[in-house]
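S.K.: This structure is in structure tokens; I'll ask about it shortly.
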Amino acid sequence: MARNIVVVLSDEHAANASGCYGNPKIRTPHLDRLAGQGVRYDTAYCASPMCVPSRLALLSGRYVHQIGAWDNGVIPGEKLRTWGHHLREAGYESVLAGRTHFNGPDRLLGFDRRLTDDLDFWITHDGNPPPRVPEWRRSSNSHVSEAHGGDHVHTRHDATVTDAVIDFLRDRAEQPDADPFLLYVGYMHPHFPLVAPPEYLARYDPDDVELPATRHEDPASQHPVIRQIRQAFRNDEPLTDDEQRQATACYWALVSHLDDQLGRLLAALDESRLRDDTVVIYTSDHGEMAGHHGIWQKQVFYEPSVQVPLVLRAPGHLRGTLRTGSVTRNVSLIDVLPTLRELAGLPPDDTLPGRSLALHPDDDAASTDTDRPILSEYHAQGMIDGGYMLKVGRYKYCYYVGHEPQLFDVESDPAELTDLAADPAFASVLAGMDAALRDITDPEEVDRRAKTDQLVRAGAAR
């Protein structure tokens with residue numbers, strides 16, 4: 001059992017944009033050090049490739065369809081039980097700082113207090129759902145084409161959050177008899193707009209950026225659901241290689257600024273008595289496509305969009321009583337809440353679909369539970385009908401209501417270039433994946449429920 005827990009959640013940080021996940025060009029020394037001192041989960045997936053649905057699933061430990069978190073306009077209901085509600089049972093004080101990106105007047109959602117809140121323009125939301133019609137299009141492709149160096153409110157937000165967190169940690173270090181705490185730290189970076197601090201952008205030469213081989217994929221050759229999403233977010237509009245190299249360099253610069261905030265936080269923690277009594281978890285709400293398959297942002301089930309960094313360091317790792325290294329089995333961000341409950345000494349909650357992450361020295365985490373299905377889903381703009389991803393072992397199944405599915409062998413085909421869904425040799429794999437999806441949820445029924453809720457909310461917002 002751990003006394004204190006710090007969870008750091010960034011926004012739009014793809015796992016492949018980290019040194020510890022094998023990117024030799026991006027500089028993330030603090031995250032790399034944290035991973036080296038703890039456990040890195042190599043295939044961790046978000047519950048939805050969109051901010052609010054992913055975050056509410058993370059905070060509640062439940063799938064998107066279980067809590068009705070269909071889109072970024074959702075306002076959480078009173079019945080939503082978050083980390084704060086759960087750990088209160090163990091006597092924890094729960095504290096929020098920074099980016100949480102949940103809507104509505106309740107700014108705590110079961111937590112005890114806040115150090116800082118989201119930026120004002122992220123807080124006010126009327127609950128209006130996004131349009132899910134073929135003709136909807138984002139106003140521009142500016143999140144890629146207008147990447148540059150400069151000052152931005154997101155950068156100032158993140159630095160302010162770190163300042164507040166450092167003050168909190170220093171204060172708690174001087175109170176050895178205080179209640180244990182759960183501290184959620186939310187950062188904006190590396191979420192677009194890709195306006196990077198000039199001193200960080202100077203670390204990266206756009207000419208050194210190696211662009212994805214799939215960046216110029218013709219939308220006409222892609223799955224119709226992918227083609228529709230590209231059109232909706234204007235990812236079907238041509239981008240030059242120079243534009244994409246500049247955007248990637250800016251994205252990496254934002255990741256490096258984020259990493260430095262993590263470094264400041266870890267320094268305050270590790271230079272205090274809290275170091276040997278505090279678990280640190282780092283992850284992100286979803287990834288960033290960064291030009292793979294011609295797509296920027298997220299909204300799809302390709303690996304750069306749904307795979308996120310997930311690192312856990314416990315005091316036992318520092319003392320050599322817990323195994324460090326990497327975990328290769330598939331895990332989900334809905335596993336974080338069961339993990340927090342275990343850390344706080346609470347019994348397992350059998351109503352939660354997730355499972356506690358491996359924290360025991362005798363747990364062979366790399367080889368156990370390899371066939372567990374991991375679900376992600378998307379019901380927001382660009383996706384006209386519901387979309388679902390199931391990852392089981394090496395295979396990824398993408399099911400789209402009203403369309404043909406996709407099947408990828410991510411182990412042999414990491415770039416997801418070859419769709420195996422129509423290959424007779426994989427018919428049994430396809431059938432097994434579909435059955436596994438339907439054991440978890442009814443995709444058609446959930447699609448109807450999502451659309452009904454969104455129609456009701458759209459009417460109420462008029």
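The values are calculated or read from the model by the stated rules, or taken from the named source; none is laboratory data. These numbers come from a predicted model, not from an experiment. Here the Cβ is made from the backbone with ideal geometry for all residues, glycine too, and neighbour counts use every protein chain on show. In case anyone asks, the SASA skips ligands and DNA or RNA and just uses the protein heavy atoms, side chains included. Shrake-Rupley method; radii C 1.70, N 1.55, O 1.52, S 1.80 Å.
S.K.: Rounded to whole Å, give me the distance from the Cα center of the range 244-274 to that of the range 135-154.
M.R.: Each part's Cα centre sits 22 Å from the other's.
S.K.: OK, next. Which is the longest stretch in the chain that no exposed loop site breaks, taking sites as GluC sites (Glu not before Pro) with a DSSP loop state and at most 14 other Cβ atoms within 10 Å? Don't skip to the answer; put the middle values down first.
M.R.: Numbers: sites that count: GLU78, GLU89, GLU135, GLU174, GLU210, GLU271, GLU411.
Excluding the exposed sites themselves, the longest stretch runs over 272-410.
S.K.: Here is a further query. Please compute P(r) over all alpha-carbon pairs of the range 252-375, binned at 10 Å starting from zero, and give each bin as a whole-number percent.
M.R.: Spelled out bin by bin, the range 252-375 gives 11, 34, 36, 18, 2 percent.
S.K.: Put a dot 7 Å past each Cα toward the Cβ at ARG372 and THR240; how far apart are the dots in nm?
M.R.: Output for this residue pair reads 4.8 nm.
S.K.: Would you be so kind as to identify which of ALA14, GLY38, HIS86 lies farthest towards the positive end of the dipole of the chain, taking Lys and Arg as +1 and Asp and Glu as -1 on Cβ and the Cα centre as origin?
M.R.: The listed residue farthest towards the positive side: HIS86.
S.K.: In whole Å, what are the extents of the range 393-462 along the principal axes defined by its C-alpha atoms, from largest to smallest?
M.R.: 49, 25, 20
S.K.: Kirkwood hydrodynamic radius for the range 146-303: how many Å is it when counted over pairs of different Cα atoms? Write out the running numbers ahead of the final one.
M.R.: Details: mean 1/r = 0.0561 Å⁻¹.
Radius from the Kirkwood sum: 17.8 Å.
S.K.: Grab the beta carbon distance between GLU199 and ARG138, set R0 = 35 Å, and tell me the FRET efficiency rounded to 0.05.
M.R.: Details: r = 30 Å, r/R0 = 0.87.
Plugging the Cβ-Cβ distance into 1/(1 + (r/R0)^6) gives 0.70.
S.K.: Could you grab the relative contact order for the range 173-252? Cα pairs under 8 Å, six or more apart, rounded to a whole percent. Could you put the intermediate results ahead of the total?
M.R.: On the way: 36 pairs, mean separation 37.6, N = 80.
Once normalised by length, the contact order is 47 percent.
S.K.: Project the alpha carbons of the range 63-166 onto their principal axes and report the range along each, largest first, in whole Å.
M.R.: So the three principal-axis extents are 49, 36, 21 Å.
S.K.: As a test of the formula, what do you get for the chain when each DSSP H run with n ≥ 4 contributes -39,500 (n - 2.57) and the sum is divided by the residue count, at 222 nm and rounded to the nearest 500 deg cm²/dmol? Can you show the working numbers first?
M.R.: Working: 15 runs with 149 residues, N = 462.
That comes out to -9500 deg cm²/dmol.
S.K.: Counting every Cα pair in the range 1-114, what percent are over 23 Å apart? All intermediate terms of the calculation are to be shown ahead of the outcome.
M.R.: Working: 2571 of 6441 pairs.
Percentage above 23 Å: 40.
S.K.: On to the next question. Of the heavy-atom accessible surface of the range 98-248 (probe 1.4 angstrom), what whole percent is carbon and sulfur? Don't skip to the answer; put the middle values down first.
M.R.: Numbers: 3340 of 6840 Å².
In the range 98-248, the share of accessible area belonging to carbon and sulfur is 49 percent.
S.K.: Rounded to the nearest percent, how much of the accessible area of the range 1-66 (1.4 Å probe, protein heavy atoms only) is carbon and sulfur?
M.R.: Values: 830 of 1620 Å².
With neighbouring chains kept in place, the figure for the range 1-66 is 51 percent.
S.K.: Could you provide, to the nearest whole Å², the per residue accessible area of the chain with probe 1.4 Å? Mind showing how you got there, number by number?
M.R.: Values: 17090 Å² over 462 residues.
Per residue, the chain has 37 Å² of solvent-accessible surface.
S.K.: With a sphere of radius 10 Å drawn around the Cβ of ASP207, what net charge do the other residues whose Cβ falls strictly inside it have (Lys, Arg +1; Asp, Glu -1)? Numbers along the way, then the final one.
M.R.: Working: positive: ARG245; negative: ASP205, ASP208, ASP242.
Residues close to ASP207 contribute a combined charge of -2.
S.K.: Over all distinct alpha-carbon pairs, what is the Kirkwood Rh of the range 36-83 in angstrom?
M.R.: Numbers: mean 1/r = 0.0857 Å⁻¹.
Result for the range 36-83, one decimal place: 11.7 Å.
S.K.: Once the Cα gyration tensor of the range 366-408 is diagonalised, what are the square roots of 5 times its eigenvalues, in whole Å and ordered largest first, as equivalent ellipsoid semi-axes? Please list the in-between numbers first.
M.R.: On the way: eigenvalues 117, 23, 7 Å².
Each semi-axis is √(5λ); the values are 24, 11, 6 Å.
S.K.: Evaluate Rg over Rh across the range 265-335, taking Cα atoms for both radii and Kirkwood's formula for Rh.
M.R.: Values: Rg = 16.1 Å, Rh = 14.5 Å.
My calculation of the ratio gives 1.11.
S.K.: For the chain, what is one quarter of the convex hull surface built on the Cα atoms, given in nm²? Write out the running numbers ahead of the final one.
M.R.: Working: hull surface 81.9 nm².
Average projection, Cα convex hull of the chain: 20.5 nm².
S.K.: Let me ask something else about it. Give me the compactness ratio for the range 233-281, meaning the Cα radius of gyration over 2.2 N^0.38 Å.
M.R.: Working: Rg = 18.2 Å, N = 49, 2.2 N^0.38 = 9.7 Å.
My calculation over the Cα atoms of the range 233-281 gives 1.89.
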